[in-house]
Structure formats: structure tokens, C-alpha cells
Amino acid sequence: MRLRFFIPVIVFFLLGNSCSRKAQVKSTELSHQFLATAPVDSATYKILQPYKEKLDKEMNEVVSYCDEALSKDVPEGALGDFVSDCLFLKAKGYLGVEGNKIDAVLLNNGGLRVSLPQGDITKGKIFELMPFDNELVLVELSGKKFYEMLVFISEKGGMPVSGIRMEINSKKKPVNVKVNGNDLDTNKVYNVISSDYLSEGGDNMEFFKNALKRKYLKITLRDAILEYCRELKKQNKTINVKTDGRVSFSK
């Protein structure tokens, strides 16, 4: 059993909680916080101390370096750009030839739980950014449903995306849309990378429910981000992100 799942099981056993899938999804962050804040003289702390040391060592691994702090924002934020672009690139690699069909990535700001600070980025910080075990999914949408997605983004005042450039007009409608550099074509089929939660209609994303196809990549967003960060480190590259106006308000 992998450590990140083993520790939460101990914590939930001691706290008397159930082991439902929902509880397990939330347990990684909870266990890390619990182990870090448990009273020094508590019996529970003494039991968990050996596991805390292992967890701390794992979570303190430096996976990359961030040149500037990244935070989320609307209509566009550097943190959303970084995560979306990262998942676009990683999903293409996971899918091989099929990855060439990817047109865009859509995430939600609510799924980005913390900002990334300037300086060393640890594995623990990526867990804080993405504490849930949501998986990458490739969703095939009709052109009309893809347009509905763009309308949804506009009504929200902007969301984290990759592969899309668009403006939001005063009526909260998408205008001047480009998808991978091409004009929007509502007669075309589009392939979008998102999370399993969102792709199944979470956060009111009803347009995903009528997907033509849905393919689960069987890897979490968090693991994809960790892989990307480690790859940057191996190449002696840092996380360096500047917003590029991919989503903006029309003048």
C-alpha cells in the first residue's frame, strides 16, 4: 500500500471515521495536517510518529522551483495557466497518437486549492494544490456543446483553460474565439481534457453530460502535475509563467 493512502487509513481508524471513497479522497490533506499538529504528549501522536517522519520525508521532496508566486484569478490567472498547460502537455503524452486530437483543457478555479509560492515547490505543496484524487478525462464534445462550454466560461467571468483564446463581451458571451489557432466551428467535434468530476457534470457543467465519448486516462491531475514538475527539474528548468491574454474582457 502506498504511503499516502496508508497514513490516512491509520488516522481515520484512530478518529473513528468510516472508510468511504469520499473520506479517502479528502484524507491525504487531513492526515498531513493531523500529523503535523497532533499534541506532542498525546498517545495518538506517539503511535503516528514513525509514519509522520516517513510522510514528512516524502512530502518535503523538492520537485521544482517557481520563479514567481502563482495565484488564480479571473478572467485569467497565472496558476490556472500553469496547471492547464501542464495537463495539456501531459495528456498528449499519455494518449500517444490520440493526443494529437486534444483541442483544449478546461478546469475550475475552485479545484486549485492553494497558490504556489515563489521558491522551492515540494511534493506536499502539489498535494495542497490538488488534494483530491480526481483523474484526467478526455471528453469528446459536439461543436454546439463546445460553444455551450465557452458560454459557461464567459458567464463565470473566465476559467482556467489551455488551447483556447477568447474574449468575453459585455453580455457575458464569448467572442473572437480561437481554438488551437483556428476559428470556432460549431459543426466540428472537439476534444477536451478535464477532470472526472467536472466531466461528469460537476460544478454545474451540464454541457459535459451529453458528451459524444468519454475516455478516462487513469491518472490523477496531481500525479500529472508532479511528473511535469520533476521533468522540469531534470532539465534544469523552473516554473516560469506569464499570463498571455488567453481569456480577456473585450473592450
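Per-structure values
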quantity	calculated
Test: residue in segment 182-203 that is over 22 Å from Ser154 (Cα atoms) and hydroxyl-bearing (Ser, Thr, Tyr)	no
Lone qualifier among Val114, Val97, Val137 - being over 22 Å from Ser154 (Cα atoms), modelled with pLDDT under 95 and in the same structural domain as Gly201 (by TED's automatic domain parsing)	Val97
Residue match in segment 98-116 (condition: assigned to a loop (DSSP other than H, G, I, E, B) and of a type in the set (Ser, Thr, Tyr))	yes
Members of segment 201-222 found to be part of a loop (DSSP other than H, G, I, E, B) and either within 16 Å of Ser84 (Cα to Cα) or without any contact (Cβ under 8 Å) to a residue 40 or more places away in the chain (or both), listed by number	Gly201
Failed condition for Asp120, given (1) surrounded by fewer than 14 Cβ atoms within 10 Å (Cβ to Cβ); (2) not in a strand (DSSP E or B)	(2)
Complete set of residues in segment 177-199 that are in a loop (DSSP other than H, G, I, E, B) and free of Cβ contacts under 8 Å to residues at least 60 places away in the same chain	Gly181, Leu184, Asp185, Thr186, Asn187, Lys188
Any hit, segment 134-152, residues being within 17 Å of the chain's Cα centre (by Cα) and either of a type in the set (Gly, Ala, Ser) or farther than 18 Å from Gly202 by Cα (or both)	no
Residue in segment 69-83 that is within 30 Å of Glu167 (Cα to Cα), modelled with pLDDT under 95 and assigned to a helix (DSSP H, G or I) present	no
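Rundown of residues vs (1) under 23 Å from Lys72 (Cα atoms); (2) crowded, with 21+ Cβ neighbours inside 10 Å; (3) not assigned by TED's automatic domain parsing to the domain that holds Lys215, yes/no style:
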site	(1), (2), (3)
Cys86	yes, yes, no
Gly93	no, no, no
Asn108	yes, no, no
Ser142	no, no, no
Lys145	no, yes, no
Glu155	yes, no, no
Val175	yes, no, no
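The values are calculated or read from the model by the stated rules, or taken from the named source; none is laboratory data. Since the model is a prediction, treat every value here as computed from it, not as a measurement. Note that each Cβ is placed from the backbone with ideal geometry, even for glycine, and that neighbours are counted across all protein chains shown.
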